[in-house]
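Peer 1: Provided herewith is a single structure, encoded as C-alpha cells, for subsequent inquiry.
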Amino acid sequence: MTNWSVWKQEANYQKLFWAGVINGIGNRFTQVALLALLYQVTGSGVAIGLLFAIRMAPFFFIAPIGGMLADRFSKKAILVTVDFLRVPAVLGLLFVKGPEDLWIVYASAFLIAMGEAIYSPARMSSIPALVKSDRLIYVNAIEQIMIGAVLIIGSSTGGILAYFLGNNAAFIINGITFMLSALLISRLAFPAVSEENGKKRKRQLRVLQRDLYLALLHLLPFLS
C-alpha cells in the first residue's frame, strides 16, 4: 500500500482530511493578516511579541483539557462546535481600526488559539475511529505531509491575499473556511466500537499523537 492508495480507500477520513486542509489554510491566512494588522496599528515589535505569547499560552494550558474532552464527549460535536465558535472570534478582527482596539486583536488571537488547542486533540483522537488499524501508519504520514503543506501554502497565499485584497479579506475567508470545515465534519460517520476495540484504538491513538506532536514541535515556531 501507498499513502495515496490508503487515502483513496478511506472515504470517511477524506472528509476529516479536507476539513483540516480548509480550516488550516484559512487559519494561516488569519495569522499572516493578524501580524500585518498589528504592525499597522502599533508599529511595535513588543506588541507582536506579546501576540506570539498570547497565541502559545492555550497550547500549554488548554490542550490537555481538549484531550480530556475528546475522551468524554462526542468528537464530532466538539470539532463542529469549535469551528463555529471560531467564526465570530476571527470576524471580530474586522472591527479593529486603531490602537484603541488593540484589545480586540489580543482577545481574538487568544480565542482562536484556544479553539485550536481544543480542536487538535479532538481531531487526532478521531483518526483511529475512522481509519482501519493497519492503515494508521500511512494516515500518520499523510497527516504530517498535510501539516507542512498547509503551513507553506496557507502562509504564502495568505501574504499575497492580504497584500492585494487587504487584511479584512483574509479574516472573512478564514471565517468561511471554519464554516466549510464544520459542514464537512458534520457529515462524518463514526462507527460504533466494542470495549476491546476501544482500548486498542486508544493505544493506537497514543502512538499517533506522539508522532504528530513531535512533528508539531518542529513546526511550532512557524505555526505561531
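Peer 1: All but one of (1) within 25 Å of residue 17 (Cβ to Cβ); (2) surrounded by 17 or more Cβ atoms within 10 Å (Cβ to Cβ) hold for residue 50; which doesn't?
Peer 2: (1)
Peer 1: In addition: Which residues, counting only those in the stretch 92-101, are in a helix (DSSP H, G or I) and crowded, with 17+ Cβ neighbours inside 10 Å? Give the steps one after another, and end with the answer.
Peer 2: If we filter the stretch 92-101 for residues that are in a helix (DSSP H, G or I), which is where we start, we get 92-95, 99-101.
If the condition is that a residue be in a helix (DSSP H, G or I) and crowded, with 17+ Cβ neighbours inside 10 Å, then 92, 93 are the ones that fit.
Peer 1: With (1) closer than 16 Å to residue 32 by Cα; (2) more than 13 Å from the chain's Cα centre (by Cα) as the list, and residue 150 as the residue in question, which single condition is left unmet?
Peer 2: Of (1) closer than 16 Å to residue 32 by Cα; (2) more than 13 Å from the chain's Cα centre (by Cα), only one is false for residue 150: (2).
Peer 1: Out of (1) modelled with pLDDT of 90 or more; (2) outside any helix (DSSP H, G or I), the odd one out for residue 189 is which?
Peer 2: With respect to (1) modelled with pLDDT of 90 or more; (2) outside any helix (DSSP H, G or I), residue 189 is out only on (1).
Peer 1: Take the residues of the stretch 102-125 that are of a type in the set (Val, Ile, Thr) and touching a residue at least 40 places away in the same chain (Cβ under 8 Å): which is surrounded by the most Cβ atoms within 10 Å (Cβ to Cβ)? Steps first, please.
Peer 2: Initial filter on the stretch 102-125 (of a type in the set (Val, Ile, Thr)): 104-105, 112, 118.
Right, trim to touching a residue at least 40 places away in the same chain (Cβ under 8 Å) and you get 105, 112, 118.
On the way: 105: 21, 112: 24, 118: 22.
That would be 112.
Peer 1: Could you list, ordered by first residue, the pairs with Cβ atoms under 8 Å in which the first is in the stretch 2-28 and under 10 Å from residue 130 (Cα atoms) and in a loop (DSSP other than H, G, I, E, B) and the second is of a type outside the set (Lys, Arg) and at pLDDT below 95, at least 6 apart or interchain?
Peer 2: Partner pairs satisfying both residue conditions: 10/130; 10/131; 10/139.
Peer 1: Taking only pairs six or more apart or across chains, which ones have beta-carbon atoms under 6 Å, a first residue in the stretch 143-163 that is under 9 Å from residue 25 (Cα atoms), and a second residue that is modelled with pLDDT under 90 and exposed (fewer than 15 other Cβ atoms within 10 Å of the Cβ)?
Peer 2: Close Cβ pairs (under 6 Å, with a partner that is modelled with pLDDT under 90 and exposed (fewer than 15 other Cβ atoms within 10 Å of the Cβ)) amount to 151/222.
Peer 1: Go through (1) surrounded by fewer than 16 Cβ atoms within 10 Å (Cβ to Cβ); (2) over 17 Å from residue 161 (Cβ atoms); (3) touching a helix residue (DSSP H, G or I) at 6+ places or on another chain (Cβ under 8 Å) one by one and return the number of the condition residue 55 breaks.
Peer 2: Of the numbered conditions (1) surrounded by fewer than 16 Cβ atoms within 10 Å (Cβ to Cβ); (2) over 17 Å from residue 161 (Cβ atoms); (3) touching a helix residue (DSSP H, G or I) at 6+ places or on another chain (Cβ under 8 Å), the odd one out for residue 55 is (1).
Yes/no matrix, rows are residues, columns are (1) under 30 Å from residue 2 (Cβ atoms); (2) under 14 Å from the mean Cα position of the chain (by Cα):
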position: 34; (1), (2): no, no
position: 39; (1), (2): no, no
position: 56; (1), (2): no, yes
position: 79; (1), (2): yes, yes
position: 111; (1), (2): no, yes
position: 130; (1), (2): yes, no
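Peer 1: Out of 152, 142, which single residue is modelled with pLDDT of 90 or more, farther than 20 Å from residue 76 by Cα and surrounded by fewer than 17 Cβ atoms within 10 Å (Cβ to Cβ)? Talk me through it step by step, then tell me what you get.
Peer 2: Details: 142 fails: surrounded by fewer than 17 Cβ atoms within 10 Å (Cβ to Cβ).
Within the list 152, 142, the selection yields 152.
Peer 1: Another question, if that's okay. When you check residue 34 against the structure, is it under 17 Å from residue 110 (Cα atoms), part of a helix (DSSP H, G or I) and in contact (Cβ under 8 Å) with a residue 60 or more places away in the chain, yes or no?
Peer 2: Details: under 17 Å from residue 110 (Cα atoms): yes; part of a helix (DSSP H, G or I): yes; in contact (Cβ under 8 Å) with a residue 60 or more places away in the chain: yes.
Yes, satisfied.
The values are calculated or read from the model by the stated rules, or taken from the named source; none is laboratory data. What you are looking at is a predicted structure, and each value in this text was computed from that prediction instead of being measured. We place every Cβ from the backbone using ideal geometry, glycine too, and count neighbours over all the protein chains shown.
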